[in-house]
Amino acid sequence: VEDATNRVAAATTTTTTTTRYGNNPLMGDIGNMGNLTAQARADGHELYDLLTSTLRDLSTLESSAGNVLRNITDDGGRWKDSGAVVSGEVAEDATRLLVRAGELRELASRMRLPSAHAENGDAENGEGEEGVNAESVRQRLEGQGTVPSSSTMGMVKSAVQAFAAMIDPPPHRSVFGLDVVRGCFLARYAGARQFWVPRSREGGDGRLDVIHVPSSSAMHKFEDNGTREDPSIESLLPLSPRKGRAGVASTGNVDGGVRGNARRKAVLYCNPNAGLMEVATGMGLTGGNVDGDDDDEEKEPTCWTEYYIEHGYDVYLFNYAGYGRSYGGSRRNDPTAAKFDHAPLGALRRVLYSTFLAFKPSSESLRADASAVARHLVDTVGVDELIIHGESIGGMAAAGAARALTDTTASSSSSKSPTAHIVLVCDRTFCNLEAVAQRLVGHWTGTAIRVLTPTWSTDVARDFLAAGCSKIVAQDCADEIIHDASSLKSGLALSGELTKGQTNNLGWMTNAPLEHRLADLDDVGLSNSRLGGSCQSVKSPPTWPADKHVSWSEAHHFSACVRRIGKMATVARKRIHEENKRAVGDLGGGQSDVDDAEEGIEVSLLSSTQSSTSDALNKGNDNARRGSNDGTALVKLWNKLLLADGLCGHHLGHAVKEGSDCTIAWLCCVVVFGSQVLAERAERRWDGQQQSSEGSSAAGLGGGDNDERLFSPEDFDSRPRRQGHQWDEDDLAKHALPIPEVLSSLKKMMAQTAIISVEVELHFVIGMLEYIVSRLCSEENIVLSLSRRNGRKDKRGVISTGCFLNLHCGHNNQYSPEERVKLISLIRRSCCDPA
């Protein structure tokens, strides 16, 4: 590894794309193995020498035994030769190689850490889980020298050692660290290299560790009149840094075979969780394009690097300052600048410096680092299309970089230099960090973060809205880390619908208005609340096109009405359940599952057994029958309403169960992003109609005449497009229902049975659902949604909320094949890519 560092000049003069062993030549500063113990460095040198000798012996055997190896055939599963004679020299070379292999295995076993060796030993001895007991754990700890003592001084010593290791990490005891991981990754991708980028002035001094992986299309074989040429490594780097863009020729192979008029495309990937690029989801050690299996169509991408290079994008990965080898501030913060001082005085200096003077990563430094790399790619490398993809907390860095880059482009728009087309992809990102912490830990954490980090700003929605470029927000409503109400999707929807672009504290946990809480506490409707005389308790729902947006009061009123209907339906369900037990015995087989129904809202459905039994109970007197009919109708109505499809989120019942703020977020997401979901489904329907209609003229998506491009009720339906999809359903799990179908069912039930207890609330909910359908299906929203899906600007000159991509893959997981197709399609639309 040491011999491979700082060899860029030598690598650019080679005439082969890979080494003789099929690896990419290591280019750039791979690492100096500085933070290792003396024993680990000695083991590394010994391993390097032994691997070199093994490869040399293997090459010697291949040369001397070439005839033997070529004549070996497979006969019925047994290997036998075809008459080739094994000479004494060949036998001697084979014996030498076996000896080397034994030495290599012995060294690898000796280099294992104690914990790994113990675990492997247990597995080899067949102990398995039976060996995991108190005594075996103690023996392992004793082998590592970390077993705590039972005495007071021993416990204090162990605590001090653990704390010291945390504030002053000791050198690594194994040679297999990030330097080796980095080298393995670079060796797996043809043309990959490492280079350094200086941090921006706004972010202070320092350097950022960057890895560049050329696209697969840039590394294809060059052919000229049927003859293959072997270009140099430099020519295989289509986006290699250069002083300026003015000197690029219009023809030739100066850009690695890319024509001068071709667009240079790249992806800047911002790591999730402010993690290391060596272990983040952007990088993978099991992939690569140097093993000759590029033609395998069934090969699935193992990481974002694989995904993007297959689609013709160069990929740039980097570490934020303070992570890995990237650093900010003075040269003293460089983790590779000086050797590790094992003396106590050296440890004291490190602790004092890291505590009071060392560079500390922050939200602003993450944005500054991503902006520095993005500016380098546009100004120095000369990228024409730059995709800034930020995953999880990387979305904060990506949004900040896109905003900074577009602000710089706008301020220098009068210059003659060409500018790059920027596409921002915020992938499963939060609205702000405080909102995420509140729903993961507790309400108090929002204020605690503000107090502990007063200079931090984690407002991703603000930067996303301010970025003047094409934008894509990808979100999974069932994300186990970022709650749907605290996601960037919800923040953008709340900002666009309720706060007129303000993003402060969006996504935070909030309570319902006082009059709504009092009505809920008194178990009465809003019209009968204690503050009913001092507030507008009976409201009218918004109407389209008179009302272009939903107001705060209307959103809160909708949330309170739906909650009231759900609560009354839960009480009715409990009453029906108790009547069933009195009439025909205990059909439930135990305690009712809705005994505490008054304390919350039950979102499960009324079973068919309960429904039929309740019908039998309706044969009593008129008053009892009227009350039973009212309760049964209310339960059936709620069973429909709770399944209302959120288009880009959970069904309505799920949001109501989680609180008023989640219900409001559900409503805003439907009216802001729902039209894009409908547009995606409508495009598939239009394409099918166009293909089936012979002689019809082709119309561009999102452009041209949209008079006949209308949404239909079937576009609201997200249920599986197959017959018998009801087989997937039961009393506790059903597919979400299209909003038009829910609306029609509610109106029909209202016409058949007057539900007096929630009549006022039901009228408002029906009016709000009618407003949603009318607004989403209006020509204005159809044109706007198609434009945003194509990355085009609206009348205000910016792409405010961007394009929405609905995911179902969870947090930090790989996209499904269908989701990967949708993402690259949206990116190409945003870049006006003919592909």
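The values are calculated or read from the model by the stated rules, or taken from the named source; none is laboratory data. Just so it is clear, the model here is predicted, and its values are computed rather than measured. Ideal geometry is used to build each Cβ from the backbone, glycine not excepted, and the neighbour counts take in all protein chains shown. For accessibility, only protein heavy atoms count, side chains too; no ligands or nucleic acids. Shrake-Rupley method; radii C 1.70, N 1.55, O 1.52, S 1.80 Å.
Out of (1) modelled with pLDDT of 95 or more; (2) out of contact with any Cys (no Cβ under 8 Å at 6 or more places or on another chain), what's the single condition that is false for ASN333? Result: ASN333 passes all but (1).
If you go through region 501-529 and keep only what is at positive phi and open to solvent by 40 Å² or more (accessible area, probe 1.4 Å), you end up with GLY501, ASN505, ASP523. Hey, any hits in region 102-111 for a residue that's charged (D, E, K, R), surrounded by 13 or more Cβ atoms within 10 Å (Cβ to Cβ) and at pLDDT below 70? No, that holds for no residue. Considered as a group, the residues in region 547-580 that are open to solvent by 40 Å² or more (accessible area, probe 1.4 Å) and among the acidic types (Asp, Glu) include one that is farthest from ASP523 (Cα to Cα), and that residue is ASP547.
Examine region 147-160 for a residue that is surrounded by 14 or more Cβ atoms within 10 Å (Cβ to Cβ), modelled with pLDDT under 75 and either out of contact with any Phe, Trp or Tyr (no Cβ under 9 Å at 6 or more places or on another chain) or not β-branched (Val, Ile, Thr) (or both), and state whether such a residue exists. Steps first, please.
Our first condition is that a residue be surrounded by 14 or more Cβ atoms within 10 Å (Cβ to Cβ); within region 147-160, this holds for 147-148, 158.
From what is left, the residues that are modelled with pLDDT under 75 are 147-148.
Then keep just the ones that are either out of contact with any Phe, Trp or Tyr (no Cβ under 9 Å at 6 or more places or on another chain) or not β-branched (Val, Ile, Thr) (or both); that gives 147-148.
Scanning region 147-160, I find at least one residue that is surrounded by 14 or more Cβ atoms within 10 Å (Cβ to Cβ), modelled with pLDDT under 75 and either out of contact with any Phe, Trp or Tyr (no Cβ under 9 Å at 6 or more places or on another chain) or not β-branched (Val, Ile, Thr) (or both), so the answer is yes.
Would you check which residues across region 796-835 are under 17 Å from GLU683 (Cβ atoms), in a helix (DSSP H, G or I), open to solvent by less than 40 Å² (accessible area, probe 1.4 Å) and at pLDDT 90 or above and list them? Residues satisfying the conditions are GLU819, LEU823, ILE824, LEU826, ILE827. Within region 314-366, the only residue that satisfies the criterion of being more than 35 Å from the chain's Cα centre (by Cα), surrounded by 14 or more Cβ atoms within 10 Å (Cβ to Cβ) and not in a helix (DSSP H, G or I) is PHE340.
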